[in-house]
Amino acid sequence: MKYFCTYFDRNFIYQGLALYQSLLEHAGEFTIWVLCFDEPTYELLNRLNLPNLRTIQLEDFEQAYPDLLAVKRDRSFVEYYWTATPMLPKYIFNSHPEVLKLAYLDADLFFYSDIQAIYSEWGDGSIYLIPHRFAPEHRESGELEAGLYNVGFVGFRKTDSGLAAIEKWTQQNIEWCYDRIEPGKLGDQKYLHDWADNYSGVVVSQNIGIGAGGWNIMNYRLKIKDENITIDDEQVIMLHLNFVELVRKNIMLGMPRFKYRKIYKPYAEALRFSIHSINSIDSDFSPQFPRVSIYRFIYSVLRGGVLRV
């Protein structure tokens with residue numbers, strides 16, 4: 001059994017359900033906990049009653065962590081979400097003693113093939129990290145700003161080392177977690193930078209097919225044959241689709257390059273299923289979509305970055 005946790009609100013529920021769909025296809029037996037950052041998300045997910053998915057109500061979560069609630073007025077929505085990140089695995093470990101190994105997932109991740117490779121690489125490690133793998137020309141500036149490791153997928157084992165990292169990260173986020181760059185800080189992200197030096201049992205992924213995202217995917221040779229996707233001849237297991245936006249219920253906007261369209265296709269199918277699932281129980285539901293300039297939209301259409309959902 002694999003255990004995961006994530007969070008999202010009503011404006012990201014379609015993407016969160018697409019992540020869930022990819023786990024259904026590629027994770028085997030699993031349970032995922034979703035911290036619902038608003039009541040509509042909590043109610044919709046409970047009404048869907050999806051197998052393997054459990055909900056956490058924000059009120060219950062905030063009662064467990066009064067220090068989090070105390071900083072709420074000082075943070076924007078996204079900053080508050082980031083502040084809560086390390087507390088979510090902490091909450092799961094505390095409330096579910098059967099969980100000894102847990103992965104936090106950003107809701108814009110998507111799995112394309114069997115995720116066992118992740119768990120084989122992670123092995124008995126207390127902490128599992130995925131490096132940013134910035135291109136050489138951007139490595140120094142990228143690591144200076146965002147750090148060595150990406151927060152999109154972080155694995156913890158319930159060991160002294162794993163729990164110590166969560167606890168320290170929690171304290172750091174309460175003290176400072178903002179959507180700006182300061183020395184040694186960037187949201188909840190930069191705090192991971194020195195974990196390999198400070199904690200025992202840290203496993204750093206060496207598989208480039210795990211966790212490529214908008215900051216580095218353009219640096220790889222992409223090949224797609226039938227349904228098989230590789231980057232630099234490595235099987236793509238998981239992508240961080242932070243470079244994809246759902247701008248209407250039926251329109252997805254990605255990086256404006258034709259070669260990525262086959263990457264977008266399975267994601268668009270999962271989004272379509274998510275939208276249909278929500279519509280089946282609440283036909284009036286509509287999230288707030290990001291604004292996109294006409295210039296950017298037309299340019300994306302011409303360059304293959306727009307896909308119908």
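Kindly establish whether TYR20 is assigned to a helix (DSSP H, G or I), at pLDDT 95 or above, under 25 Å from LYS249 (Cβ atoms) and touching an Asp or Glu at 6+ places or on another chain (Cβ under 9 Å).
no
Among PHE285, PHE297, which is part of a loop (DSSP other than H, G, I, E, B) and more than 21 Å from the chain's Cα centre (by Cα)?
Only one candidate qualifies: PHE285.
Only one of these conditions is not met by PHE61: (1) touching a helix residue (DSSP H, G or I) at 6+ places or on another chain (Cβ under 8 Å); (2) part of a loop (DSSP other than H, G, I, E, B); (3) not small (Gly, Ala, Ser). Which number is it?
So the condition that PHE61 fails would be (2).
Can you confirm whether LYS185 is within 27 Å of PHE12 (Cα to Cα), surrounded by 14 or more Cβ atoms within 10 Å (Cβ to Cβ) and either free of Cβ contacts under 8 Å to residues at least 60 places away in the same chain or of a type in the set (Ser, Thr, Tyr) (or both)?
Details: within 27 Å of PHE12 (Cα to Cα): yes; surrounded by 14 or more Cβ atoms within 10 Å (Cβ to Cβ): yes; either free of Cβ contacts under 8 Å to residues at least 60 places away in the same chain or of a type in the set (Ser, Thr, Tyr) (or both): yes.
Judged against the criteria, LYS185 is a match.
Determine which single condition ILE263 fails, assuming it passes every other condition in (1) surrounded by 18 or more Cβ atoms within 10 Å (Cβ to Cβ); (2) in a loop (DSSP other than H, G, I, E, B).
(2)
Given the residues TYR149, TYR178, which is the only one that is over 30 Å from HIS96 (Cβ atoms) and of a type in the set (Phe, Trp, Tyr)?
TYR178
Filter segment 23-42 down to the residues that are surrounded by fewer than 18 Cβ atoms within 10 Å (Cβ to Cβ), part of a helix (DSSP H, G or I) and in contact (Cβ under 8 Å) with a residue 40 or more places away in the chain and list them by number.
GLU25, HIS26, PRO40
Kindly provide the set of residues from segment 115-134 that are part of a loop (DSSP other than H, G, I, E, B), more than 17 Å from the chain's Cα centre (by Cα) and modelled with pLDDT of 95 or more, ordered by number.
GLY123, ASP124, GLY125, SER126, listed by residue number.
So that you can scan it fast, the table gives a plain yes or no per residue for (1) surrounded by fewer than 22 Cβ atoms within 10 Å (Cβ to Cβ); (2) at pLDDT below 95; (3) in a helix (DSSP H, G or I):
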| site | (1), (2), (3) |
| --- | --- |
| VAL78 | yes, no, yes |
| TYR81 | yes, no, yes |
| GLU98 | yes, no, no |
| LEU102 | no, no, no |
| LEU144 | yes, yes, yes |
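The values are calculated or read from the model by the stated rules, or taken from the named source; none is laboratory data. In this text, all values refer to a predicted model and were calculated from it rather than measured experimentally. Reconstructed Cβ throughout: ideal geometry from the backbone, glycine too, with neighbour counts over all protein chains shown.
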